[in-house]
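I have placed the structure first, in the form of structure tokens, so that the comments after it can refer back to it.
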There are 2 protein chains.
Amino acid sequence: MSIDLPVTFSDIRGAAERLCGVANRTPVMTSRTFDEMTGREVFFKCENFQRGGAFKFRGAYNRLSQLSADEKSRGVVAFSSGNHAQGVALAAKLLGIPAAIVMPDDAPPVKLEATRGYGAEVIVYDRLTGNREAIASQLSQERGMTLVPPFNDTRIIAGQGTAAMELLEQVPDLDAIVSPVGGGGLISGCSIAAKAMKPSIQIYGVEAVGADDGKQSLQRGEIVHIDPPNTIADGIRTQAIGTLTFTIMRKLLRDIVIVSDDEIIAALRFVIPRMKIVVEPTGAVPIAAVMQNRIPANLKRVGVIVSGGNIGMELLSEIVQATGLGSKTD
Amino acid sequence: MSIDLPVTFSDIRGAAERLCGVANRTPVMTSRTFDEMTGREVFFKCENFQRGGAFKFRGAYNRLSQLSADEKSRGVVAFSSGNHAQGVALAAKLLGIPAAIVMPDDAPPVKLEATRGYGAEVIVYDRLTGNREAIASQLSQERGMTLVPPFNDTRIIAGQGTAAMELLEQVPDLDAIVSPVGGGGLISGCSIAAKAMKPSIQIYGVEAVGADDGKQSLQRGEIVHIDPPNTIADGIRTQAIGTLTFTIMRKLLRDIVIVSDDEIIAALRFVIPRMKIVVEPTGAVPIAAVMQNRIPANLKRVGVIVSGGNIGMELLSEIVQATGLGSKTD
């Protein structure tokens with residue numbers, strides 16, 4: 001398997017060594033009520049407890065730590081208004097690398113502040129008139145900064161794969177892993193690790209309604225570009241998966257299933273009051289897929305990659321208020 | 001030590017055996033940012049992840065599992081509008097014991113529903129004209145039900161003590177444990193376990209402004225009754241600690257410190273967005289005490305008992321909304 005693919009399990013083991021003592025070995029949580037509801041045993045790999053609040057730190061740190069001394073001194077640049085920005089900013093801070101993050105000027109002020117809080121230089125651009133790739137590319141040329149792509153990069157993919165490697169160390173006998181699909185970096189790395197550790201495991205990706213470029217791509221056998229998606233799951237609003245991630249996903253994924261925003265919100269309205277964990281909409285995407293029984297019933301022991309917890313407090317407030325939900329927990 | 005006290009470490013070890021495989025061995029979480037802010041290493045014992053959403057299940061299950069077959073068949077009664085109700089209801093359900101919970105008719109509907117959701121019979125009374133003790137006592141007499149007190153009971157105290165026993169197994173070398181004080185059941189059990197496992201450990205209780213009956217009691221050397229407190233921390237609105245808990249607390253506590261509601265809210269506004277955990281106001285009481293440096297600076301490795309996570313979603317919504325808080329996590 002690994003001969004044909006751009007990332008090997010050995011790459012992921014290498015990433016795990018680099019991340020050891022740096023990234024959090026995030027806990028796996030369970031819920032008796034969720035298991036009863038779904039008729040399965042579900043294991044939540046809580047990347048919402050990862051440094052930076054999402055799995056993104058894994059790939060970013062694995063990528064940045066392998067830069068040459070010269071590249072490190074010139075710094076890195078990334079464009080993102082979300083978790084990739086924070087992952088790169090935090091990894092850069094820990095490694096003493098200058099970081100510039102290109103973000104739209106209408107990004108929530110709290111996200112701009114959070115990224116600055118990690119010590120990164122934030123460069124804003126006008127979303128209507130600016131071109132973030134061009135700005136990042138210009139910075140890269142002018143300052144010699146290394147561009148850190150969000151997903152289509154072997155070292156980023158290898159870093160993200162450590163999430164599934166840990167999960168299978170923590171819970172060895174899983175039948176399936178269910179993960180959100182944005183650009184495909186997370187699920188690609190996780191697929192390689194999981195299939196190497198347990199070849200019979202089934203990998204399911206999950207996308208939101210209107211953000212199903214990955215599913216379309218697998219169906220057509222080529223990368224499909226879609227219009228900017230409008231889902232609440234802001235981490236998977238990508239318009240196309242990458243060339244590397246497409247190669248890995250078409251080989252290793254069993255399927256991609258789809259959930260609606262209402263189903264994502266219902267998942268949040270379960271995990272927040274019941275499991276007492278703060279999860280962002282994207283992190284609830286695979287939880288929704290299991291709640292809605294979108295994967296075959298014979299897959300009894302299911303690992304769910306809860307990708308992150310970086311939900312804005314205003315959105316959290318909206319989602320939980322007036323739900324009539326109490327706090328029964330079991 | 002244990003000779004003079006009504007509960008021994010052996011009682012707590014016995015409780016731990018009864019709870020093994022039944023109660024959750026809750027995780028201990030940490031936050032690099034919290035440690036930097038406070039200049040300490042702080043270990044959060046997350047009883048918000050306990051079954052029933054709070055430590056109360058430990059004591060309730062330890063108490064109920066030791067009833068005779070005859071007592072079990074007649075059932076149990078408790079009065080509480082909070083976590084004790086849910087703890088007793090859940091323990092009773094697991095043990096197949098009928099349970100009646102006496103709750104005020106103006107309790108939040110979600111709390112009534114949650115308690116019924118665990119299979120308990122909920123008996124409501126008029127808070128202005130009714131007397132919950134009298135109602136519970138009448139049920140106890142008429143039906144032969146065993147009254148399960150919330151804190152002033154050796155087996156309840158022993159059960160709660162398993163929280164600190166686990167914490168010191170998970171993090172052996174703590175300098176101090178900080179715990180909320182309501183009726184004193186939690187801190188009494190935790191003190192006995194912790195002092196037995198590490199005699200040099202310092203135990204600090206925390207109460208809210210206006211709910212400082214425990215502190216007054218320790219200062220005067222007798223149990224002081226106060227008017228109904230008005231703090232947001234509804235789990236510690238007790239008007240007096242118990243005779244058993246007073247005996248233990250005056251012997252083993254280093255001090256009780258006080259936090260304000262604003263400080264409790266500030267603690268919630270740290271842990272929810274930053275640590276991605278849902279905590280109820282009472283669970284944030286000891287976190288607030290550490291944030292505000294209410295314990296001596298030389299205590300560097302501090303265990304905090306996060307007592308529960310049963311916050312109503314409307315209150316959660318109010319607390320997090322418009323805080324201007326982002327989701328930076330580290």
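The values are calculated or read from the model by the stated rules, or taken from the named source; none is laboratory data. Here the structure is a predicted model, which means the values were calculated and not measured. Here the Cβ positions follow ideal geometry from the backbone for every residue, glycine too, while neighbour counts run over all protein chains shown.
Against the conditions (1) surrounded by 22 or more Cβ atoms within 10 Å (Cβ to Cβ); (2) out of contact with any strand residue (DSSP E or B) (no Cβ under 6 Å at 6 or more places or on another chain); (3) more than 8 Å from chain B (Cβ to nearest Cβ); (4) among the hydrophobic types (A, V, I, L, M, F, W, C), where does A:I226 fall short? Just the number, please.
(1)
Specify the residue that is farthest from the other protein chains (Cβ to nearest Cβ); the eligible residues are those in the stretch B:274-296 that are more than 13 Å from B:S307 (Cβ to Cβ) and of a type outside the set (A, V, I, L, M).
Filtering the stretch B:274-296 for residues that are more than 13 Å from B:S307 (Cβ to Cβ) and of a type outside the set (A, V, I, L, M), the one farthest from the other protein chains (Cβ to nearest Cβ) comes out as B:P296.
Against the definition (within 10 Å of chain A (Cβ to nearest Cβ), within 23 Å of B:I295 (Cβ to Cβ) and of a type outside the set (K, R)), how does B:N83 come out, yes or no?
It is false that B:N83 is within 10 Å of chain A (Cβ to nearest Cβ), within 23 Å of B:I295 (Cβ to Cβ) and of a type outside the set (K, R).
Do we find that A:I272 is among the β-branched types (V, I, T), in the same structural domain as A:V181 (by TED's automatic domain parsing) and within 23 Å of A:Q219 (Cα to Cα) in this structure? First the steps, then the outcome.
On the way: among the β-branched types (V, I, T): yes; in the same structural domain as A:V181 (by TED's automatic domain parsing): yes; within 23 Å of A:Q219 (Cα to Cα): no.
In short, no.
Can you tell me which of B:A208, B:A233, B:A163, B:A158 is touching a Leu at 6+ places or on another chain (Cβ under 9 Å) and surrounded by 22 or more Cβ atoms within 10 Å (Cβ to Cβ)?
B:A163
For the subset of the stretch B:12-53 comprising residues that are of a type in the set (K, R) and in contact (Cβ under 8 Å) with a residue 40 or more places away in the chain, which member is nearest to B:L299 (Cα to Cα)? Show your work before the answer.
Going residue by residue through the stretch B:12-53, those that are of a type in the set (K, R) are B:13, B:18, B:25, B:32, B:40, B:45, B:51.
Checking which are in contact (Cβ under 8 Å) with a residue 40 or more places away in the chain leaves us with B:13, B:18, B:25, B:32, B:40, B:45.
Details: B:R13: 27, B:R18: 33, B:R25: 25, B:R32: 17, B:R40: 8, B:K45: 17 Å.
It comes out as B:R40.
Restricting the search to the stretch B:99-120, which residues are in a helix (DSSP H, G or I) and within 9 Å of chain A (Cβ to nearest Cβ)?
Residues of the stretch B:99-120 in a helix (DSSP H, G or I): B:109-117.
B:P109, B:V110, B:K111, B:L112, B:E113, B:A114, B:T115, B:G117 - these are the residues of the stretch B:99-120 that are in a helix (DSSP H, G or I) and within 9 Å of chain A (Cβ to nearest Cβ).
I'd like to verify a number: residues in the stretch B:21-35 that are under 19 Å from the mean Cα position of the chain (by Cα) and within 17 Å of B:Q170 (Cα to Cα), how many?
7
I'd like to know if the stretch A:254-265 contains one or more residues that are away from chain B (no Cβ under 12 Å), under 24 Å from A:K195 (Cα atoms), among the β-branched types (V, I, T) and crowded, with 21+ Cβ neighbours inside 10 Å.
Yes; the residues of the stretch A:254-265 include at least one that is away from chain B (no Cβ under 12 Å), under 24 Å from A:K195 (Cα atoms), among the β-branched types (V, I, T) and crowded, with 21+ Cβ neighbours inside 10 Å.
Among the residues that make up the stretch B:47-70, is at least one of them within 14 Å of chain A (Cβ to nearest Cβ), aliphatic (A, V, I, L, M) and in contact with a Ser or Thr (Cβ under 8 Å, 6 or more places away or on another chain)?
yes
Quick check on A:E36: is it farther than 27 Å from B:M275 by Cα, within 14 Å of chain B (Cβ to nearest Cβ) and at pLDDT 95 or above?
The answer is yes for A:E36.
Let me spell it out: the conditions are (1) assigned by TED's automatic domain parsing to the domain that holds A:T30; (2) aliphatic (A, V, I, L, M); (3) assigned to a loop (DSSP other than H, G, I, E, B), and A:L128 meets all of them except one. Which number is the exception?
Unmet condition: (1).
Look at A:V271 and say whether it is at pLDDT 95 or above, more than 10 Å from chain B (Cβ to nearest Cβ) and crowded, with 20+ Cβ neighbours inside 10 Å.
no
From the list A:P228, A:P281, A:P286, exactly one residue is out of contact with any Asp or Glu (no Cβ under 9 Å at 6 or more places or on another chain), at pLDDT 95 or above and of a type outside the set (G, A, S). Which is it?
A:P286
Looking at A:A240 and the list (1) within 14 Å of chain B (Cβ to nearest Cβ); (2) assigned to a loop (DSSP other than H, G, I, E, B); (3) over 30 Å from B:A91 (Cα atoms), which single condition is not satisfied?
(1)
List the helices (runs of 4 or more DSSP H) that sit entirely inside the stretch A:17-74 and contain at least 1 residues that are in contact with an Asp or Glu (Cβ under 9 Å, 6 or more places away or on another chain). It would help to see each step written out before you state the result.
Details: elements: A:32-38, A:56-64, A:69-74.
By residue number, A:32-38, A:56-64.
With the requirement that a residue be assigned to a helix (DSSP H, G or I) and surrounded by 24 or more Cβ atoms within 10 Å (Cβ to Cβ), what does the stretch A:274-295 give you?
Within the stretch A:274-295, A:M275, A:P281, A:T282, A:G283, A:A284, A:V285, A:P286, A:I287, A:A288, A:A289, A:V290 qualify.
Can you tell me which residues in the stretch A:119-146 are under 12 Å from A:P98 (Cβ atoms) and touching a residue at least 24 places away in the same chain (Cβ under 8 Å)?
Selection gives A:G119, A:A120, A:L139, A:R143, A:G144, A:M145, A:T146.
Given the criterion outside the structural domain of B:V290 (by TED's automatic domain parsing), more than 23 Å from B:V278 (Cβ to Cβ) and without any contact (Cβ under 8 Å) to a residue 12 or more places away in the chain, identify the matching residue among B:A78, B:A100, B:A69.
B:A69
Inspect the stretch B:83-93 for any residue being closer than 29 Å to B:I277 by Cα, at pLDDT below 95, under 20 Å from the mean Cα position of the chain (by Cα) and assigned to a loop (DSSP other than H, G, I, E, B) and give the result as yes or no.
No, every residue in the stretch B:83-93 fails to be closer than 29 Å to B:I277 by Cα, at pLDDT below 95, under 20 Å from the mean Cα position of the chain (by Cα) and assigned to a loop (DSSP other than H, G, I, E, B).
For the stretch B:174-227, what are the residues that are part of a strand (DSSP E or B) and either within 13 Å of the chain's Cα centre (by Cα) or among the polar types (S, T, N, Q) (or both)? Quick ask: steps written out before the conclusion?
To start, the set of residues in the stretch B:174-227 that are part of a strand (DSSP E or B) comprises B:176-180, B:202-208.
Passing the criteria: B:V178, B:S179, B:P180, B:Q202, B:G205, B:V206, B:E207.
Would you point out the residue of the stretch B:297-313, among those that are within 14 Å of B:F34 (Cα to Cα) and surrounded by 22 or more Cβ atoms within 10 Å (Cβ to Cβ), that is farthest from the other protein chains (Cβ to nearest Cβ)?
Here the residue is B:V302.
One line per residue, one yes/no per condition, for (1) of a type in the set (A, V, I, L, M); (2) surrounded by fewer than 17 Cβ atoms within 10 Å (Cβ to Cβ):
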residue: B:S73; (1), (2): no, yes
residue: B:S81; (1), (2): no, no
residue: B:G87; (1), (2): no, no
residue: B:A107; (1), (2): yes, no
residue: B:L112; (1), (2): yes, no
residue: B:T115; (1), (2): no, no
residue: B:Y118; (1), (2): no, no
residue: B:A134; (1), (2): yes, yes
residue: B:S137; (1), (2): no, yes
